Amino acid sequence: MSVTTNEFLSALTHRLGYLPYAEVKKTVDFYREAIADRMEDGMTEAEAVAALGSVDDIAREIEMNLPLSTVVKTRVDDARERAKEQKEAEGGGAYAFKLLFLVLTCPVWGSLLIAGAAVVLGLLVAVFSVVFTLGVTAMALIVGGLAAAVVAFAVPYPGLAPRLMLSGIGLVTAALGFVFVLVTMISERAVKGSLRLTAKTVKRAILRGKGASA
């Protein structure tokens, strides 16, 4: 069954309805223009809409490309709205009891939350410290090695052999420094890739609730 432009955009708007209005509007305008461009190229309206793919696939791609801060904010706003609706549905007494329970158990879940955040922060500091140390070591080896190679011929050593030996040691040290530069670059890319993967995993876990059921 063919889908019209309005039906497609309406379904996409509903699917992304929990996101900020600006994000939804930007997305809808983009796909409206994409459909219009395809129709100008000779496609029928149904063909242009079908060429974009399913609404669910588009929505999942958009969600995974959103900044993590935006995803977290939408989930917090959604949780706040649901808590408000639940409060109105259950009445003040039940809501007050749940709130009291959360306050009384705060030392337990609060401590676990702080401990988890501390572990994550500690791991991040440790990883970035390793990358920073590799970079500093690389610079020290390069500068020190090149300096030794220059000093070998600038200082009047007795004989040519000591100068050549010191110069050779300096050049080998500088070469080792460039190896450390390569290791530093690889480590930095690995860390960035791990952080991106972690962010995607967190976003997928956050969006599994509201996003999948919207």
Between residue 113 and residue 178, Cβ-based FRET efficiency (R0 41 Å, step 0.05) works out to 0.40
Quote the FRET efficiency, to the nearest 0.05, computed for residue 123 versus residue 151 with a Förster distance R0 of 41 Å and r equal to the Cβ-Cβ distance.
0.50
Between residue 196 and residue 60, the two model label points (7 Å from Cα along the beta-carbon direction) sit apart by a distance in nm of 2.0
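A short reminder: the numbers here are calculations on the coordinates, not readings from a lab. Every value quoted in this text rests on a predicted model; they were computed, and no experiment measured them. Ideal geometry is used to build each Cβ from the backbone, glycine not excepted, and the neighbour counts take in all protein chains shown.
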